[in-house]
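Encoded as structure tokens, the structure appears first; notes follow it.
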Amino acid sequence: MNIDGFLKIFQSVFYITASIVAVLTYVKAKNGLLNTVNTEYHKKVIERLSQLSDELYKEFDSEADDFWVNEDPIKEILEILHIKIAPNKEKIISSGILKTGIPVSKKESYLQNAADKYKSDPFIPESVRLKVVDLLEARSLAFHNATTDAIGYYTDGLSKGKFWDTLETNHHWLHNRVLNRLYEMGCGVSQVNEEVHEIRLEIQKYFSKFNPTSNR
């Protein structure tokens, strides 16, 4: 074999080696990028789940401003309702007719908005997201139905001349009526609290996948 033959073989080996090195370099860079993206994604997921856990529990935390005892959506609704109907008291009683819409409370708005927000949250794993959305949608519907029932009963009584002398305190017994109705629909305070604990345990189960000391 002459020198030209050796040069051709050398060039062939050189180009093959260079191609292999280029491919390996690309694969390594790609894997490195994917690992970085994967790490950042899981950091986002863990951060979001931690926030979600706190958000779900805040209404059952006695030290939190949002503790359920501090909430009175019915009082909020009645304050708006009474402003609208008080000037027409005599007309309402004499006609026996009281037609009015039901104001949406901050609580109901929160449940509706939260369900919509979590439904498409890309950083909440499906196993957790489905449970959260199901709970919030069930609560939103139950709260709407319980409120509609209570206010319907209340306005019917007002049209018949009842409850007018105690407008400032009617929210107490009406609030209890709503709470009882929520329990009948499986969305009472203690019932929701149990479901929140189940979701938080599901979140804990997800976190355990990344615990180096856990037995997987």
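The values are calculated or read from the model by the stated rules, or taken from the named source; none is laboratory data. Quick caveat: nothing in here was measured; it's all calculated off a predicted structure. Quick reminder, even Gly has a Cβ in these numbers, built from the backbone with ideal geometry, and neighbours come from all protein chains shown.
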For ASN38, all conditions in the list (1) within 27 Å of LYS209 (Cβ to Cβ); (2) of a type outside the set (Ser, Thr, Tyr); (3) buried (at least 17 other Cβ atoms within 10 Å of the Cβ) hold save one; what is the number of the exception? (3)
State yes or no: is ASN113 closer than 27 Å to PHE207 by Cβ and not in a loop (DSSP other than H, G, I, E, B)? yes
If you go through GLU90, GLU126, the only one that is at pLDDT below 95, within 15 Å of LEU52 (Cβ to Cβ) and acidic (Asp, Glu) is GLU126
Residues HIS175, HIS171: which one is in contact with an Asp or Glu (Cβ under 8 Å, 6 or more places away or on another chain) and over 30 Å from SER53 (Cα atoms)? HIS171
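Residues checked against (1) at pLDDT 55 or above; (2) in contact with a strand residue (DSSP E or B) (Cβ under 8 Å, 6 or more places away or on another chain); (3) in a helix (DSSP H, G or I); (4) within 30 Å of GLU195 (Cβ to Cβ):
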position: PHE14; (1), (2), (3), (4): no, no, yes, no
position: ILE20; (1), (2), (3), (4): yes, no, yes, no
position: LEU24; (1), (2), (3), (4): no, no, yes, no
position: LYS30; (1), (2), (3), (4): no, no, yes, no
position: LEU34; (1), (2), (3), (4): no, no, yes, no
position: TYR41; (1), (2), (3), (4): yes, no, yes, yes
position: GLU55; (1), (2), (3), (4): yes, no, yes, yes
position: LYS58; (1), (2), (3), (4): yes, no, yes, yes
Spot the failing condition for ARG139; the list is (1) in a helix (DSSP H, G or I); (2) without any contact (Cβ under 8 Å) to a residue 24 or more places away in the chain, and only one is missed. (2)
Among what's in segment 170-204 and is outside any helix (DSSP H, G or I) and not small (Gly, Ala, Ser), pick the residue that is farthest from the chain's Cα centre (by Cα). MET185
Give me a count of the residues in segment 60-104 that are surrounded by 12 or more Cβ atoms within 10 Å (Cβ to Cβ), among the β-branched types (Val, Ile, Thr) and part of a helix (DSSP H, G or I). 6
